[in-house]
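Below: one structure, written as structure tokens.
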Amino acid sequence: MRGLNFDIAHLLAGSLVLVSFMQLYQDRLTALLHIFALHALMLALSVAWQSYVQDAPHLFVTAALALVFKAIVIPVTLHRIIVRLGIHREIETVGGIGLTMLAGIGLVALSMVVILRVTGGADPFAREDLAFALSVILLGLLMMVSRRNAVSQVVGFMSLENGLVLAATGAKGMPLVVEISVAFSILIAFIVIGIFLFRIRERFDTVDVGALDRFRGDRA
Amino acid sequence: MNFANEAVTAVLVIPALTAALLAFLPDYRAGAAVNVAAAFFTFLAALSLLFQRPAVGSYLFIDDLNNVFITLTTFVGFTTSVFSASYIAHELKIGRLTPTNLRFYHAMYQTLMFALNLALIANNIGLMWVAVELATLTTVLMVGIYRTHEALEAAWKYFILGSVGIALALFGTILVYLAAQPVIGAGFESMVWTKLVARAAAFDSGILNLAFIFLLLGYGTKVGLAPLHAWLPDAHAEGPTPISAVLSGLLLNVALYALLRFKILLAANPNAIAPSPLMVIMGLVSLVFASFMLYRRRDIKRFFAYSSIEHMGIVTFAFGLGGAIANFAGLLQMTMHSLTKSAIFFAVGHIAQAKGTQRFIQIHGLSESNPSLAFAFALTVVAIAGLPPFGIFKAEFLLATSTFSRAPWLAVIFGFGLLVAFGALIIRLQDVLFGKPSPSEAIPAATLFPLYAHLAIVLAAGIYLPQPLVRWFEAVAKMLG
């Protein structure tokens, strides 16, 4: 039974890494938001499974938060924002998709090597989880540095935080203080981001989007 | 009678309640007055902690190390609120801020004070992390308050880099918990700092090492150490000047304090890597890099922001070097820098208002146009450049001599960095003070009281450190290993 529990946890955490990779090659914002919702869904499943396995019902709260806020509320809101901004255009990636994917593979390999080697003595459950979590965090970082668009940077940051939640739930018996704080911080971060997007829109209205509209007008 | 528990509560509750009150107080003058009063009472509460300490709790505690910083933080918080009251009066007059902005600004100021105090007295590494995160978010909002293109750009950059830093720090915190969990047991206890440090010798050193690297990168971003400093100059330059003063004087200190806590933890484990080489390298790189960067700055606030990177580099180097004398010097440098740099920003704030610009090219002849301001500014720059008789000289001298006796090559790099920075400071000081006066207006609301209060302490510390203070700092230096 222990074997099956372990395998399922492994599968869910692993698929979170996989979805992180899927985020890397999305070149449209709407598609990126869909994949992010999937990312949050995988996180919710993974946390819920950890909660069941560790017999820690308070983790279900974290799972529910991930499901409601990150998989539904935030993608929907961000989607509205980009519609209002009228930026359904391609995302500029620095260095191209192939190179980014290669860098991503390198980062995952790095985190596996580092975590599995260093945490030899720890609970195997926790260490595998931690290795996946670090991969998700590094992939989130990679996404933030390889994108120029504010919205996709935010998505990169949120998937990075997903990695943190995965790590926190994988550590057995981690006090609730931290879980709430993580959820809370994401909430605050989102408010801040919301304000910023609002302000950036003001900026775009006068600078960037205006130019874009003129360009479209010429083409029509 | 022992009021220590009440004092600890007051240090947190006063700013929190005041923040809530200020958010609903429409009159900005009353807001500024309430802000000053609250900061003053918080300072008094913190001061009382010097005489009585509460018992160690599982959430909050006071020990030698954080007692230094809580006193310093609340003091600078108070003087900055006095400066802020005179600063915003002018900003309102020229229309850069509106009364609504100010309501928000004052509420955020007290929220920041709450977060900084909480980060300092938290006995729980999770709670400490939350507090540093809160401090980051409030300062992000304040940096962007002018809503100009540059301010938003700076706030966004700060937000993204700060969040990444803070995320890495959280990962490090989780790793520390993971290292502690097999020894102390799953649950709350494994995040209580005093318990961690007591049992650290039995932790898995591999996990602890990895944790420290993440913590160094994470909190190091907030300290502004060299490869991770990109947010710092922008955030200092584009926000309101009182915020530059608390960023440099307090937030950088608090981030470094968090790092020091984990350094102590690592030092308590015999098998863990020595954090020293990493901190020495990052410190020296910051020092030399920032010193050279000083020469090419065109913006006065950006210039002093780089000077902060330089000084945080010195402090990190001192703590990295370790040992009784270097730790003592680091602690002294940290305190003195915090006081001097905030004093400099008080002067710079009024200079920028008088000259109507932050660009060096348009700031000349201050000694003729605003003599009293020029005099105060010159004193603060002399103090930050590390000239005697000010306290920074004493700290840097101690550090230099200690380095020479232990690692002469490092002392050469250290001395070189200091000299390079010294040159830049003197060149800029001359530019600002002398030459044909650029157009300038008098700032009737300007107050130099907070500046001279800081300078008096820095001068006194440079000339004579009282015995109890020396013993106290020595105890802390010993604790830092």
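Can you name the residue in the stretch B:303-315 that is of a type in the set (Val, Ile, Thr) and under 13 Å from the mean Cα position of the chain (by Cα) and, of all such residues, is nearest to B:MET479 (Cα to Cα)? Steps first, answer last, please.
Taking the stretch B:303-315 and keeping what is of a type in the set (Val, Ile, Thr), we get B:309, B:314-315.
The next check asks that each one be under 13 Å from the mean Cα position of the chain (by Cα); those that pass are B:309, B:315.
Details: B:ILE309: 25, B:VAL315: 16 Å.
Across the stretch B:303-315, the extreme among qualifying residues is B:VAL315.
Suppose we filter the stretch B:401-453 for residues that are of a type outside the set (Asp, Glu) and outside any helix (DSSP H, G or I); how many remain?
15
Condition first: under 15 Å from the mean Cα position of the chain (by Cα), within 16 Å of B:ARG302 (Cα to Cα) and small (Gly, Ala, Ser). Now tell me which residues in the stretch B:325-362 satisfy that.
Hits for the stretch B:325-362 are B:SER342, B:ALA343.
Output the number of residues of the stretch B:183-197 satisfying the condition of being in contact (Cβ under 8 Å) with a residue 24 or more places away in the chain, more than 10 Å from chain A (Cβ to nearest Cβ) and of a type in the set (A, V, I, L, M, F, W, C).
Summing the residues that are in contact (Cβ under 8 Å) with a residue 24 or more places away in the chain, more than 10 Å from chain A (Cβ to nearest Cβ) and of a type in the set (A, V, I, L, M, F, W, C) in the stretch B:183-197 gives 3.
Listed here are the residues, each with its yes/no results for (1) surrounded by fewer than 24 Cβ atoms within 10 Å (Cβ to Cβ); (2) within 7 Å of chain A (Cβ to nearest Cβ); (3) over 18 Å from B:LEU217 (Cα atoms).
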residue	(1), (2), (3)
B:ASN123	yes, no, yes
B:THR148	yes, no, yes
B:VAL164	yes, yes, no
B:GLN181	no, yes, yes
B:GLY206	yes, yes, no
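Within the stretch B:461-481, can you find the residues that are assigned to a helix (DSSP H, G or I) and either touching a residue at least 60 places away in the same chain (Cβ under 8 Å) or crowded, with 21+ Cβ neighbours inside 10 Å (or both)? Step through it out loud before you land on a result.
Pass one, the stretch B:461-481, residues assigned to a helix (DSSP H, G or I): B:461-463, B:467-479.
Hits for the stretch B:461-481 are B:ALA461, B:GLY462, B:ILE463, B:TRP472, B:PHE473, B:GLU474, B:ALA475, B:VAL476, B:ALA477, B:LYS478, B:MET479.
If you go through the stretch B:421-446 one residue at a time, how many are among the β-branched types (Val, Ile, Thr) and crowded, with 19+ Cβ neighbours inside 10 Å?
Narrowing the stretch B:421-446 to residues among the β-branched types (Val, Ile, Thr): B:426-427, B:432, B:443.
Next, from what is left, pick out any that are crowded, with 19+ Cβ neighbours inside 10 Å: B:432, B:443.
Of the residues in the stretch B:421-446, 2 are among the β-branched types (Val, Ile, Thr) and crowded, with 19+ Cβ neighbours inside 10 Å.
Of all residues in the stretch A:102-125, which are facing another protein chain (nearest Cβ under 8 Å), aliphatic (A, V, I, L, M) and surrounded by fewer than 18 Cβ atoms within 10 Å (Cβ to Cβ)?
Hit for the stretch A:102-125 is A:VAL114, nothing else.
Residues that are small (Gly, Ala, Ser) and at pLDDT 90 or above: does the stretch B:54-68 have at least one?
Of the residues in the stretch B:54-68, the ones small (Gly, Ala, Ser) are B:55, B:57-58.
So of that shortlist, the ones also at pLDDT 90 or above come out as none.
No: zero hits.
Which residue, of B:GLY365, B:GLY330, is surrounded by fewer than 21 Cβ atoms within 10 Å (Cβ to Cβ) and in contact (Cβ under 8 Å) with a residue 40 or more places away in the chain?
B:GLY365
Scan the stretch B:125-140 for residues that are more than 7 Å from chain A (Cβ to nearest Cβ) and out of contact with any Gly (no Cβ under 6 Å at 6 or more places or on another chain) and jot them down. Outline the logic, then answer.
Step one: filter the stretch B:125-140 for residues more than 7 Å from chain A (Cβ to nearest Cβ), giving B:125, B:128-129, B:131-132, B:134-136, B:138-139.
Hits for the stretch B:125-140 are B:ILE125, B:MET128, B:TRP129, B:ALA131, B:VAL132, B:LEU134, B:ALA135, B:THR138, B:THR139.
Looking only at the stretch B:301-331, how many residues end up being farther than 20 Å from B:ALA267 by Cβ and of a type outside the set (Val, Ile, Thr)?
12
Kindly indicate the residue of the stretch B:150-162 that is within 20 Å of the chain's Cα centre (by Cα) and aromatic (Phe, Trp, Tyr) and also nearest to the other protein chains (Cβ to nearest Cβ) among those meeting that condition.
Among those that are within 20 Å of the chain's Cα centre (by Cα) and aromatic (Phe, Trp, Tyr), it is B:PHE159.
Name the residues in the stretch B:166-200 that are in contact with a strand residue (DSSP E or B) (Cβ under 9 Å, 6 or more places away or on another chain) and assigned to a helix (DSSP H, G or I), would you?
Within the stretch B:166-200, B:ILE184, B:PHE188, B:MET191, B:TRP193 meet the criteria.
Which of the residues spanning the stretch A:96-132 are of a type in the set (Gly, Ala, Ser) and within 27 Å of A:HIS79 (Cβ to Cβ)?
A:GLY96, A:GLY104 - these are the residues of the stretch A:96-132 that are of a type in the set (Gly, Ala, Ser) and within 27 Å of A:HIS79 (Cβ to Cβ).
I want to confirm something. Restricting to the stretch B:377-399 and keeping residues that are surrounded by fewer than 18 Cβ atoms within 10 Å (Cβ to Cβ) and among the hydrophobic types (A, V, I, L, M, F, W, C), which single residue is modelled with the lowest pLDDT?
B:LEU387
Taking helices (runs of 4 or more DSSP H) that do not extend beyond the stretch A:102-220, which have at least 1 residues that are modelled with pLDDT of 85 or more, of a type in the set (Phe, Trp, Tyr) and at negative phi?
Counting at least 1 such residues, we get A:124-146.
Looking for something under 23 Å from B:LEU455 (Cα atoms) and buried (at least 24 other Cβ atoms within 10 Å of the Cβ) - is there at least one such residue anywhere in the stretch B:93-108?
No.
State whether one or more residues within the stretch B:39-52 are under 14 Å from B:MET108 (Cα atoms) and part of a helix (DSSP H, G or I).
Yes, there is a match, as at least one residue in the stretch B:39-52 is under 14 Å from B:MET108 (Cα atoms) and part of a helix (DSSP H, G or I).
The values are calculated or read from the model by the stated rules, or taken from the named source; none is laboratory data. Remember, it's a predicted structure, so these values are computed and weren't measured experimentally. Counting neighbours? That spans all protein chains shown, and the Cβs are built from the backbone with ideal geometry, glycine included.
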